[in-house]
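First up is the structure itself, then whatever we jot down about it.
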Ligand SMILES: Cc1ncc(COP(=O)(O)O)c(C=O)c1O
């Protein structure tokens with residue numbers, strides 16, 4: 001397992017500077033302390049690390065390739081673009097990284113049941129997958145709107161033996177699914193682990209998910225050094241809750257020359273409600289949602305705002321607290337990419353490289369494509385967090401010329 | 001001594017426990033909340049928990065979720081809730097505890113929040129998702145105005161944790177009777193009375209128990225072990241049912257009277273073991 005040895009954050013209360021922490025119904029304090037304790041013990045345990053590494057290799061398909069996009073780079077005529085191919089992992093996205101890690105913890109805690117929330121359905125599929133692998137019972141909460149737009153993943157979860165519960169409150173998307181999963185957990189914590197699907201929520205989820213995802217950056221850094229020599233100049237990753245981006249960024253944080261760009265969902269425009277850009281869009285301000293303090297899209301009265309993105313996995317009103325910290329430190333630059341640009345990037349990557357990215361990942365690809373022409377001589381590394389099979393329905397709706 | 005302490009002191013002299021009534025402010029409309037609070041008081045409510053509606057009520061079941069949605073649609077903000085407190089204060093000395101999720105209060109600012117609710121005549125607050133570890137700034141702002149800070153204890157809280165939560169609390173300690181979210185349940189949880197007994201040993205504060213209490217018999221069962229019982233969803237269910245009907249006030253008064261009748265217990269609460 002890839003432990004960040006020198007990480008000083010979060011502190012003992014799970015805080016990254018003013019962000020993070022634990023803001024939960026009192027009944028969940030003890031269950032979270034249990035996860036924290038079991039996780040920190042496991043993290044030091046060579047047997048745990050060996051078991052996880054074995055699963056990563058034999059089951060998930062790690063290490064994933066680092067791929068040089070020669071045709072795309074030539075077409076853009078500037079920076080060289082490289083992809084970290086998390087899309088080639090079992091289940092089709094990076095989410096399996098933190099699901100395998102958490103599943104081993106569930107076993108350690110002696111629990112037999114997991115619940116999870118999902119937006120794009122990739123975390124739900126990965127959760128259902130590890131449940132099947134370990135023999136857990138699994139229920140996934142998913143907004144009704146997301147069930148509609150990611151229906152293939154709904155079926156995949158059911159095929160894997162999970163129950164999918166439609167969440168019909170609020171905007172019927174990821175935010176509401178997290179809220180509902182939290183509610184259920186307050187009733188079932190004794191038997192059930194909440195397998196949270198991003199680097200957010202109350203401590204210890206942000207640090208734990210980050211650590212499990214750091215395998216992405218650790219591998220990429222070694223692969224890049226070996227094959228290309230030196231370090232990439234700029235890293236790109238899409239930021240929903242923030243797990244694939246932290247996974248790529250974290251092992252590079254000490255490399256001062258490496259710039260990092262987190263790409264949020266710019267949706268249809270700048271007005272609150274039209275996007276999910278917590279850092280770069282209108283309405284984002286520090287606040288508390290789902291147990292953690294971070295940037296939250298909200299109105300003047302502190303009510304959580306509705307969000308929009310064509311990508312269900314980025315369509316969320318808050319963001320992992322470590323990102324808020326990295327943004328305030330100026331270590332990572334955050335920007336947003338609109339729906340149309342992400343869809344265009346899907347076509348470009350498909351045509352020039354034969355790779356169809358997930359809509360989430362396409363946001364990172366789009367930003368790299370935008371910047372490449374004016375960056376000759378630079379090397380861009382993009383986290384391709386998932387593949388686009390789940391999004392074919394949305395592509396068809398938006399690309400009528402192909403039908 | 002603020003109104004909450006006075007209320008528990010007064011009840012200690014008499015033969016009943018406190019009925020703590022929860023009302024989502026602004027449901028069905030902000031203009032009606034003060035009137036509904038007064039109706040609950042006439043029926044026997046001793047303390048009002050005035051809920052600030054929130055878009056993502058993580059600790060609430062369907063009844064209060066829907067109440068919050070209606071209140072938000074009716075334009076309820078923390079600013080409006082403060083006006084409602086002022087309106088209640090014009091004609092009543094009913095103690096008012098503001099009950100909110102953290103984010104609306106964070107957005108308002110702890111200092112401004114404490115100053116404004118104190119000036120409007122509130123007696124304290126409970127912030128559902130503010131745990132004691134992160135409460136320092138809030139506690140300072142509240143203490144400076146002699147406002148009570150109520151925190152929650154739960155069945156998962158160790159004895160040590162109950163002591164810490166009680167230490168940060170003033171007015172009373174709120175004990176969560178059951179696992180899960182707010183809502184009406186058929187029976188009271190097996191965890192309720194053992195929790196009250198442990199809390200009794202952890203603090204001298206009055207103990208109030210809530211979550212899942214909706215009927216007179218639930219309240220009768222816990223009354224010997226607590227100084228107060230908190231009822232929320234059963235009240236908001238009536239608000240949902242009678243909505244804009246002119247009968248709503250009378251129905252709430254009737255419900256409060258029924259609930260309060262379950263709280264007549266001759267001897268002081270001792271945990272039932274002494
Ligand atoms: C392929 C893919 N990438 C990215 C995300 C966004 O999540 P995160 O920011 O946690 O990586 C999702 C979420 O569903 C996803 O499915």
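The values are calculated or read from the model by the stated rules, or taken from the named source; none is laboratory data. It should be emphasised that the depicted structure is a prediction, and the values quoted were computed from it without experimental measurement. Neighbour counts run over all protein chains shown; Cβ positions are idealised from the backbone, glycine included.
Of these, A:280, A:294, which one is at pLDDT below 95 and either within 13 Å of the ligand (Cβ to nearest atom) or away from chain B (no Cβ under 14 Å) (or both)? Only one candidate passes the filter, namely A:280.
Taking the numbered list (1) in contact with a strand residue (DSSP E or B) (Cβ under 6 Å, 6 or more places away or on another chain); (2) within 10 Å of the ligand (Cβ to nearest atom) in turn, residue A:125 passes all entries but (1).
Does the stretch A:297-305 contain at least one residue that is within 13 Å of the ligand (Cβ to nearest atom), under 29 Å from residue A:211 (Cα atoms), within 14 Å of chain B (Cβ to nearest Cβ) and in a strand (DSSP E or B)?
Kept after step one, since they are within 13 Å of the ligand (Cβ to nearest atom), are these residues of the stretch A:297-305: none.
Scanning the stretch A:297-305, I find no residue that is within 13 Å of the ligand (Cβ to nearest atom), under 29 Å from residue A:211 (Cα atoms), within 14 Å of chain B (Cβ to nearest Cβ) and in a strand (DSSP E or B), so the answer is no.
For residues in the stretch A:128-147 being more than 14 Å from every other protein chain (Cβ to nearest Cβ) and within 16 Å of the ligand (Cβ to nearest atom), which is surrounded by the fewest Cβ atoms within 10 Å (Cβ to Cβ)? That would be A:145.
Would you confirm whether or not the stretch A:99-118 contains a residue that is surrounded by 24 or more Cβ atoms within 10 Å (Cβ to Cβ), more than 14 Å from chain B (Cβ to nearest Cβ), within 16 Å of the ligand (Cβ to nearest atom) and without any contact (Cβ under 8 Å) to a residue 60 or more places away in the chain? Among the residues of the stretch A:99-118, not one is surrounded by 24 or more Cβ atoms within 10 Å (Cβ to Cβ), more than 14 Å from chain B (Cβ to nearest Cβ), within 16 Å of the ligand (Cβ to nearest atom) and without any contact (Cβ under 8 Å) to a residue 60 or more places away in the chain, which makes the answer no. Without any contact (Cβ under 8 Å) to a residue 40 or more places away in the chain and either outside any helix (DSSP H, G or I) or buried (at least 24 other Cβ atoms within 10 Å of the Cβ) (or both), is that true of residue A:313? Taking the combined requirement at face value, the residue does not satisfy it. Going by what's in this entry, would residue B:129 be described as more than 23 Å from residue B:46 (Cβ to Cβ), crowded, with 18+ Cβ neighbours inside 10 Å, touching a residue at least 40 places away in the same chain (Cβ under 8 Å) and within 14 Å of chain A (Cβ to nearest Cβ)? Yes: the conditions hold for residue B:129.
Each residue in the stretch A:303-324 was checked for being touching a strand residue (DSSP E or B) at 6+ places or on another chain (Cβ under 7 Å) and within 30 Å of residue B:77 (Cβ to Cβ), and 15 of them qualify. Within the stretch A:350-380, being within 16 Å of the ligand (Cβ to nearest atom) and either closer than 21 Å to residue A:225 by Cβ or not assigned by TED's automatic domain parsing to the domain that holds residue A:240 (or both) holds for one residue alone: A:368. Looking across B:42, B:10, one residue alone is touching a residue at least 60 places away in the same chain (Cβ under 8 Å), surrounded by fewer than 18 Cβ atoms within 10 Å (Cβ to Cβ) and over 30 Å from residue A:174 (Cβ atoms). It is B:42. Scanning the stretch B:40-66 for residues that are in contact with a strand residue (DSSP E or B) (Cβ under 8 Å, 6 or more places away or on another chain), more than 9 Å from chain A (Cβ to nearest Cβ) and over 14 Å from residue B:99 (Cα atoms) yields B:40, B:41, B:44, B:45, B:46. Could you please let me know if residue B:155 is facing another protein chain (nearest Cβ under 9 Å) and farther than 16 Å from residue B:129 by Cα? When the stated conditions are applied, residue B:155 passes them.
Screening residue A:225 with (1) in contact (Cβ under 8 Å) with a residue 40 or more places away in the chain; (2) within 15 Å of residue A:63 (Cβ to Cβ); (3) more than 16 Å from the ligand (Cβ to nearest atom) gives one miss only, at (1).
Step by step: first the residues of the stretch A:185-203, then only those that are under 18 Å from residue B:61 (Cα atoms) and more than 22 Å from the chain's Cα centre (by Cα), then the one that is nearest to the other protein chains (Cβ to nearest Cβ). Which residue is that? If we take residues in the stretch A:185-203 being under 18 Å from residue B:61 (Cα atoms) and more than 22 Å from the chain's Cα centre (by Cα), then A:187 is nearest to the other protein chains (Cβ to nearest Cβ).
Residues of the stretch B:158-184 that are within 11 Å of chain A (Cβ to nearest Cβ), at pLDDT below 95 and over 20 Å from residue A:288 (Cβ atoms): B:177, B:178, B:179, B:180, B:183. Pull up the stretch B:132-152, narrow it to residues that are part of a loop (DSSP other than H, G, I, E, B) and closer than 19 Å to residue B:202 by Cβ, then point me to the one that is nearest to the other protein chains (Cβ to nearest Cβ). Looking at residues that are part of a loop (DSSP other than H, G, I, E, B) and closer than 19 Å to residue B:202 by Cβ, I get B:151.
Quick check: is even one residue across the stretch A:29-43 within 15 Å of the ligand (Cβ to nearest atom), assigned to a helix (DSSP H, G or I) and within 19 Å of residue A:213 (Cα to Cα)? So far as the stretch A:29-43 goes, no, none of its residues is within 15 Å of the ligand (Cβ to nearest atom), assigned to a helix (DSSP H, G or I) and within 19 Å of residue A:213 (Cα to Cα). If I filter the stretch A:181-190 for residues that are under 28 Å from residue A:308 (Cβ atoms) and within 16 Å of the ligand (Cβ to nearest atom), do I get at least one hit? Yes, because at least one residue in the stretch A:181-190 is under 28 Å from residue A:308 (Cβ atoms) and within 16 Å of the ligand (Cβ to nearest atom).
How many residues does the stretch A:234-275 contain that are part of a loop (DSSP other than H, G, I, E, B) and either within 16 Å of the ligand (Cβ to nearest atom) or under 14 Å from residue A:383 (Cα atoms) (or both)?
Here is the first cut: in the stretch A:234-275, the residues part of a loop (DSSP other than H, G, I, E, B) are A:239-242, A:253-258, A:268-275.
Of the ones still in play, those that are also either within 16 Å of the ligand (Cβ to nearest atom) or under 14 Å from residue A:383 (Cα atoms) (or both) are A:239-242, A:275.
Matching residues across the stretch A:234-275 total 5.
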